[in-house]
Amino acid sequence: MRQIIIDTDPGQDDAVAILLALASGDALEVLGLTCVAGNVPLDLTTRNARRVCELAGRRDVPVMAGCDRPMGRALVTAEHVHGQDGLAGPDLPAPTMPLDPRNAVDFLIETLRAAVPGTVTLVPIGPLTNIATAFQRAPDIVARVAGIVMMGGAHRALGNVTPAAEFNIHVDPQAADIVLRSGAPVTIVPLDVTHKALVTSERNAAFAAPGTRVGRAVAALTDPRGRESARHGGQGVPLHDPCTIAWLLAPDLFAAREVNVMVETGSELTMGMTVMDWWGVTGRAANARVLHDIDADGFFDLLTARLARL
Ligand code: RIB
Ligand code: CA
C-alpha cells in the first residue's frame, strides 16, 4: 500500500485525479489533500477539494489550505478553463465537511517527519508552491520523501499558457526550480504525455455509462464539447492530472526517460519553461524521470473501471 499526499488546485482535472486515487484504496492510501492557489484562488481550491471528497463519500480525508500565492510572482488563475468556481460542469453541492485547521505546509512537514523515511509519496498536480515552501522551511524532509510524481512542464509539447510554459510551472517557476534542484526523486508527467490522453466523446460517454453520481460528474467535468480541441486536431481535450495517479497504479502504461530538467526563472519571454536535456548535451546530471508516452486506451480503461467503483 503506497501512502500519498495529493497537492492540488482543483480544478476539473484535479477532481478526476482525486477521485481515481480515492477509488484505488487497494493500492493507494490518501493521507490528505494539501490545497494550493492555482486554477482558482485558495479559498475555492479548498472548497472544491472538499466537494470532491464528499462526492466520493470520503469525508474522512483531511483537506488543508496551503499557500495562497506563488513564491515570487502574482497569482495567475485559469477560470477560463475550469469555470468561475473551478469545477464547471457538474452541479456539486457546497461542502459540509470542515476544512482541517492544520496548515498544508505544516502537514507536509509533520507527516514526512513522522513517517518511516521513504514511505510517503507526494503527488503535486498544481503549482509547486506548497512543496517548495515545505522544503525551504524543513530541508530535512527532502531525504524522507519516497518520491514526487508531478503533473507539469513540457518537452516537445511547448507551453499551454505561454508559448514556452505549462500552467503549473508558469504560475510558480521559483517553486518548480526549488523542487527540481532539491535532489528528491521526481517523476514528471508533462504535456507531451497528457496531450495524448484526450477525452473523446466516446471516452466521455464511457465515464457516464455506469450511471453513478461519480460517473455523471466526471463526464460533466471532462465534457469535450465546446472546449478548445482545435489544438488537438478536434479529437478531444487533454486530461492532465489523473495521469499522475495512473502512473502510480500502472507504470507500464507509460514510457519514461531519465533526464536533466531545469526551469527558466529569469527571462519573462520564457518564464516557467522546463528545459529538458533530452540528449544529455549539457553534462548536467539527470534529476527527473520524465514520462514521454502513454497507452491512452489503457489509461482510459483503467480510469473508467476504477471510477465505476465509487
Ligand atoms: O497545465 C495543466 C495543469 O494546470 C493541470 O494541473 C491543470 O489542473 C492546471 O493546474
Ligand atoms: Ca491541477
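Every condition in (1) more than 13 Å from ligand 1 (Cβ to nearest atom); (2) buried (at least 20 other Cβ atoms within 10 Å of the Cβ); (3) farther than 25 Å from Leu303 by Cα holds for Ala74 except the one numbered (2). Test Ala88 against the criterion of being within 16 Å of ligand 2 (Cβ to nearest atom), surrounded by fewer than 17 Cβ atoms within 10 Å (Cβ to Cβ), aliphatic (A, V, I, L, M) and part of a loop (DSSP other than H, G, I, E, B), and give yes or no. Taking the combined requirement at face value, the residue satisfies it. Taken together, the residues in segment 205-240 that are in contact with a Pro (Cβ under 8 Å, 6 or more places away or on another chain), over 16 Å from Arg51 (Cα atoms) and small (Gly, Ala, Ser) amount to 1.
With respect to Pro238, is the statement that it is crowded, with 19+ Cβ neighbours inside 10 Å, within 19 Å of the chain's Cα centre (by Cα), modelled with pLDDT of 95 or more and farther than 30 Å from Ala143 by Cα true? When the stated conditions are applied, Pro238 passes them. For segment 35-55, check the following and say yes or no: at least one residue is within 16 Å of ligand 2 (Cβ to nearest atom) and assigned to a strand (DSSP E or B). Yes, there is a match, as at least one residue in segment 35-55 is within 16 Å of ligand 2 (Cβ to nearest atom) and assigned to a strand (DSSP E or B). Buried (at least 17 other Cβ atoms within 10 Å of the Cβ) and basic (Lys, Arg), is that true of Arg50? For Arg50, the condition - buried (at least 17 other Cβ atoms within 10 Å of the Cβ) and basic (Lys, Arg) - is met. For segment 152-165, the count of residues that are away from ligand 1 (no atom under 11 Å from the Cβ), more than 14 Å from the chain's Cα centre (by Cα) and on the phi > 0 side of the Ramachandran plot is nonzero. Within segment 106-130, which residues are away from ligand 1 (no atom under 16 Å from the Cβ) and either within 24 Å of Glu54 (Cβ to Cβ) or without any contact (Cβ under 8 Å) to a residue 12 or more places away in the chain (or both)? Correct list: Asp106, Phe107, Leu108, Glu110, Thr111, Ala114, Val116. In this structure, does Val40 turn out to be within 16 Å of ligand 1 (Cβ to nearest atom), in contact with a His (Cβ under 9 Å, 6 or more places away or on another chain) and more than 21 Å from Ala246 (Cα to Cα)? Considered against the rule, which asks whether it is within 16 Å of ligand 1 (Cβ to nearest atom), in contact with a His (Cβ under 9 Å, 6 or more places away or on another chain) and more than 21 Å from Ala246 (Cα to Cα), Val40 comes out as yes.
Residue-by-condition table, conditions (1) within 24 Å of Gly236 (Cβ to Cβ); (2) of a type outside the set (Gly, Ala, Ser); (3) surrounded by 18 or more Cβ atoms within 10 Å (Cβ to Cβ):
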| site | (1), (2), (3) |
| --- | --- |
| Pro127 | no, yes, yes |
| Ala143 | no, no, no |
| Gly152 | yes, no, yes |
| Val193 | yes, yes, yes |
| Glu202 | yes, yes, no |
| Ala206 | yes, no, yes |
| Thr212 | yes, yes, no |
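Within segment 1-34, if we keep just the residues that are in a loop (DSSP other than H, G, I, E, B) and without any contact (Cβ under 8 Å) to a residue 40 or more places away in the chain, the residue that is nearest to ligand 1 (Cβ to nearest atom) turns out to be Gly25. Within segment 7-30, if we keep just the residues that are within 21 Å of Arg102 (Cβ to Cβ) and out of contact with any helix residue (DSSP H, G or I) (no Cβ under 6 Å at 6 or more places or on another chain), the residue that is farthest from ligand 2 (Cβ to nearest atom) turns out to be Glu29.
The values are calculated or read from the model by the stated rules, or taken from the named source; none is laboratory data. All values derive from a computational prediction rather than experimental measurement. Positions of Cβ are generated from backbone atoms using ideal geometry, with glycine treated the same way; all protein chains shown enter the neighbour counts.
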